[in-house]
Amino acid sequence: MIWCCPMAVKRLGTLRFSEKVIYLSRGSLPAIMRRKYAKAKLSGMLAKVKTAAVVGLDAQEVEVETDISGGLPRTTVVGLPDTAVQEARERVRSAIRNSGCWFPAKRITVNLAPADLKKAGPAYDLPIAVGVLLGSGQISNDASGMLFLGELSLDGNLRHTQGIISMVELAREKGIFTVFVPAADAKEASLIQGVDIIPVSSLAQLVSHLRGEVVIPCYSADDVEGEFEEAPWPATDLAHIKGQEHVKRALEVAAAGGHNVVMTGPPGSGKTLLARALPSILPRMGIGEALEVTKIYSVSGLLPQDTPLIRQRPFRAPHYTISHAGLVGGGRFPRPGEISLSHRGVLFLDELPEFGHADLEVLRQPMEDRVVTISRAQGSVTFPANFMLVGAMNPCPCGYYGDPVKECTCTPMMVSRYQKRISGPLLDRIDIFVEVPRIDYEKLADDRLGEGSEAVRQRVEEARAVQQRRLEGTRLVCNADMTPLEVREFCQVEPSAQSLLQTAMNQLHLSARAFHRILKLARTIADLAGADTIGAPNLAEALQYRSREQL
């Protein structure tokens, strides 16, 4: 019996038919044959490289284990990878070859640990490539204190990767202070202080750096100081909106306390224009709030590459045909929806009754808890959802119910059915209801400008500063966030206003939630007036926003 491999058969020539030939792969050759092909065999080893996976808004550490052993050439990726991670095999193979390195013609097993965590996205390309190069001995640098992130193109260049800021934040928490990221994401990664950010343009550059041939300098945050300056907001200025002074006042109160608003009026009265002007009077975001919003947009893939830090408050205006997952968030791997994308900003729902009943009702819990929890078979994910809800609606299907000029063509039954599309529990969570009437010709033709957004914003910021000093030591930001405990402590009503509040409770049949919301709204009005306690005028103005007929 002759032990032989296919290459040896060619060298031995024709064998006698009486000899039994056994074909073997290189990994199973006897000792004599293994020594013969020792020069052609790789000295494979186990390599471990650290990376991260984004789950919700937070990241979890993932260890990429790469084992190169004898056998037929094959690359296997295990550890619950999705399709994008499985396809990394081909991207990594081409990227390594096109970067001046060689890809081992061996059996390669890549394990993404922990194995019970679902891996999604192309961010594992770079750590897998580094693991292959370490395992094959092409680089020998110790990568134990490093984190590698990035998607590879076929030519070896690194592409933009989502969720960089969350993964760099995880590295700092885990004591990993050297992070390799795509050069396009270096600005975003530099927002996390205390970590050395190494911007990598290509795999070939990274290999040269790890071999000590070239040194890639750390990215300096000083390079993007100018990017952190607030850019002019392209929102509509209140000075250019004619008339509707009482609506502007309602929006000022809403911005000062973070209260929810619903505007009702005929078509063309300016509801949408007023809503789009609201961001121009909202207070500027602090660094902490900006990082929260930036993280959400980074994970969602909506962060512009030229804007590493979002400093403007979000303004989201989804169409009423939006799906449930698009509004709340969800999917097989849960992603933030519109209510999370409007975190620390405004969620504007135009044509409010046209939204699906289930979509509107699901807003009730986030409006109270300021978070939204999405549960799937694999687990639950919680996204922040601290937003101002601004709704705009017509009073009836034709839009002219109660209009003094144009007659309504709807029957009372149609009007009632249309208005009842919004449930009472949802309306109970709205602080301000305001009518937006038709604008007269005289006001439209007047060339004089009203009060500008900058002056209103200054008053709003002063009121917010008072609230922040009052709520210091808590996680609350504004009056709308107060719980019944803070309402009892901070919303003290003057004796002269007690009777007014009692009469309103009896005549308007307000619920306990509405009672607390009126007190919070009156507290905001008092803050704008610079009052320490809630007086009768403050309470009367708060009540007038609810003294209208319920929708």
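Please report the antiparallel percentage of DSSP beta bridges with both residues in the chain, rounded to the nearest 5.
Just about 45 percent of them are antiparallel.
Explain nothing, just the number: relative contact order of the chain, from Cα pairs under 8 Å at least 6 residues apart, as a whole percent.
The value is 12 percent.
Take each of the peptides 334-342, 53-61, 511-519, average the number of other beta-carbon atoms within 10 Å over its residues, and list them starting from the highest.
Listed from highest to lowest mean packing, they are 334-342, 53-61, 511-519.
Once you have a ≥ b ≥ c as the square roots of the Cα gyration tensor eigenvalues for the range 398-551, tell me rounded if a/c is under 1.5, and otherwise prolate or oblate according to whether a/b is larger than b/c. Don't jump to the answer; show the numbers that get you there.
Working: a/c = 2.14, a/b = 1.36, b/c = 1.57.
Judged from the Cα gyration tensor, the range 398-551 comes out oblate (a/c at least 1.5, b/c at or above a/b).
What's the ranking of 138-144, 191-197 by average number of surrounding C-beta atoms within 10 Å, highest first?
The peptides rank, most packed first, as 191-197, 138-144.
What do you get for the angle between helix 164-173 and the principal long axis of the chain? Use alpha-carbon atoms, 0 to 90 degrees, nearest ten.
That works out to roughly 80 degrees.
Please state the shape class of the range 238-457: rounded when a/c is under 1.5, otherwise prolate if a/b exceeds b/c and oblate if not, all from the C-alpha gyration tensor.
Judged from the Cα gyration tensor, the range 238-457 comes out oblate (a/c at least 1.5, b/c at or above a/b).
Please compute the contact order of the range 412-521 in relative form: average sequence separation of alpha-carbon pairs under 8 Å and at least six residues apart, divided by the residue count, as a percent.
Relative contact order for the range 412-521 comes out at 38 percent.
Non-local amide H neighbours of LEU147 (under 5 Å, H modeled in plane, Pro and chain starts lacking H): which ones?
HN-HN under 5 Å from LEU147: THR178, VAL179, PHE180.
Using only Cα positions of the chain, each an equal point scatterer, no hydration layer, compute I(q)/I(0) via Debye at q = 0.06, 0.09, 0.11 Å⁻¹ and quote the log10 values to two decimals.
-0.44, -0.78, -1.01
For every other residue with a beta carbon closer than 15 angstrom to the beta carbon of GLY473, add +1 if it is Lys or Arg and -1 if Asp or Glu, then tell me the sum.
Computed value for this residue: -1.
For the range 46-227, what relative contact order do you get, as a whole percent, if you take Cα pairs closer than 8 Å and at least 6 residues apart?
Value for the range 46-227: 22 percent.
Express as a percent, rounded to the nearest 5, the fraction of DSSP beta bridges in the range 46-227 (both residues included) that run antiparallel.
That works out to approximately 55 percent antiparallel.
Kindly write out, for the range 275-289 in residue order, the coupling ³J(HN,Hα) from the Karplus curve 6.51 cos²θ - 1.76 cosθ + 1.60 (θ = phi - 60°), rounded to whole Hz, with x marking Gly and Pro.
5, 6, 7, 4, x, 6, 10, 6, x, 5, 7, x, 4, x, 5
Quick check on packing: order 409-415, 486-492, 295-301 by the mean number of other C-beta atoms within 10 Å, highest mean leading.
Working: 409-415: 12.9, 486-492: 15.3, 295-301: 21.7.
Ranked from most to least packed, the peptides come out as 295-301, 486-492, 409-415.
I need the shape label for the range 103-186. Rule: rounded when a/c is under 1.5, else prolate if a/b > b/c, else oblate, with a, b, c from the alpha carbon gyration tensor.
It comes out rounded by the Cα gyration axes.
Can you work out the Karplus-derived ³J(HN,Hα) for every residue in the range 129-137? Use 6.51 cos²θ - 1.76 cosθ + 1.60 with θ = phi - 60°, whole Hz, and x for glycine or proline.
Rounded to whole hertz, the list is 5, 5, x, 5, 5, 5, x, 8, x.
Give me the angle, in degrees from 0 to 90, between the Cα long axis of helix 495-508 and the longest principal axis of the Cα atoms of the chain, rounded to the nearest 10.
Once rounded, one gets 80 degrees.
Could you work out how far helix 453-470 tilts from the main Cα principal axis of the chain, as a 0 to 90 degree angle to the nearest 10?
Around 80 degrees separate the two axes.
Among LYS174/LYS520; LYS106/LYS187; LYS48/LYS118, which pairs are too far apart, with a Cα-Cα distance over 30 Å?
LYS174/LYS520; LYS106/LYS187
Could you give me the ³J(HN,Hα) list for the range 525-542, computed from phi with Karplus coefficients 6.51, -1.76, 1.60 and θ = phi - 60°, whole Hz, x at Gly and Pro?
Along the range 525-542, the couplings run 4, 5, 5, 5, 8, x, 8, 7, 10, 7, x, 4, x, 5, 5, 5, 5, 5 Hz.
None of the figures in this text is laboratory data; all of them are computed from the coordinates on show. These figures come from a predicted structure and were not determined experimentally. All Cβ positions, glycine included, derive from the backbone under ideal geometry; neighbour counts span all protein chains shown.
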